[in-house]
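Asks: Below you will find the structure I want to go over with you.
The values are calculated or read from the model by the stated rules, or taken from the named source; none is laboratory data. The shown structure was predicted, so the numbers you read here are calculated from the model rather than taken from an experiment. Positions of Cβ are backbone-derived with ideal geometry, glycine not excepted, and every protein chain shown enters the neighbour counts. In case anyone asks, the SASA skips ligands and DNA or RNA and just uses the protein heavy atoms, side chains included. Shrake-Rupley method; radii C 1.70, N 1.55, O 1.52, S 1.80 Å.
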Amino acid sequence: MPWTLPSRPSRRSLLAGAAGAAGAALLTGCSDDGPNGADAAIPLERRMREAAVRDSARLLERYDATAAAHPALAARLAPLRAAVTAHAAALSPDPAGSPAPSRSVSPSASPSGGTGAAGPAASAGPVPPKAADALTALADAERSLSEARTIDLAGAPGELARMLASVAACGAVHVHLLTSNPGAAS
């Protein structure tokens, strides 16, 4: 059976999605509903960074669960997991941010209206019993988070937007690496 690359969204569909997200962000910014008292005291960038770190922590949990369920995949997943750990540290709102987010992260809604509880592992369920299916599930989690971070770009301040774009691109590469060479998952 010949090997083929997984299909990818076109540049036009990505731009259309980003434009729609930007429009939605602008429309929600015009509503009379202001942020609640707790959120008003926390700057937007900090809330967005905290949500991004929570999402990365959930993705790390997914990597750990997959490696635990399929020890033969652990070596293949290790460099990708290390990159997700680095992303979490880089996105941390604290300069001395922890390089590995705590495993006791509780899902909550993203203050930016982005990923939050809808993050990649929030409702991921158990790891599939077949290694190939487990890699596909992990790739789906990476894809979901990458797409959510691309959407979050519309409301992110400059430097954070650049970082989210970079991390989203890296997630897209992870999807490719997780879905390529299907024979390695057996």
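Asks: Please count how many residues of the stretch 126-165 are among the basic types (Lys, Arg) and outside any helix (DSSP H, G or I).
Replies: So the first thing to find is which residues in the stretch 126-165 are among the basic types (Lys, Arg), and the list is 130, 143, 149, 162.
Now narrow it down to the ones that are outside any helix (DSSP H, G or I): 130.
Residues in the stretch 126-165 being among the basic types (Lys, Arg) and outside any helix (DSSP H, G or I): 1 in total.
Asks: Within the group 81, 62, 49, which residue is over 18 Å from residue 158 (Cβ atoms), open to solvent by less than 50 Å² (accessible area, probe 1.4 Å), touching a helix residue (DSSP H, G or I) at 6+ places or on another chain (Cβ under 6 Å) and assigned to a helix (DSSP H, G or I)? Before the answer, list the steps.
Replies: On the way: 81 fails: open to solvent by less than 50 Å² (accessible area, probe 1.4 Å); 49 fails: over 18 Å from residue 158 (Cβ atoms).
Of the residues listed, the single one that is over 18 Å from residue 158 (Cβ atoms), open to solvent by less than 50 Å² (accessible area, probe 1.4 Å), touching a helix residue (DSSP H, G or I) at 6+ places or on another chain (Cβ under 6 Å) and assigned to a helix (DSSP H, G or I) is 62.
Asks: Moving on. Of the residues that sit in the stretch 68-122 and are at pLDDT 50 or above and hydroxyl-bearing (Ser, Thr, Tyr), which one is farthest from the chain's Cα centre (by Cα)?
Replies: 92
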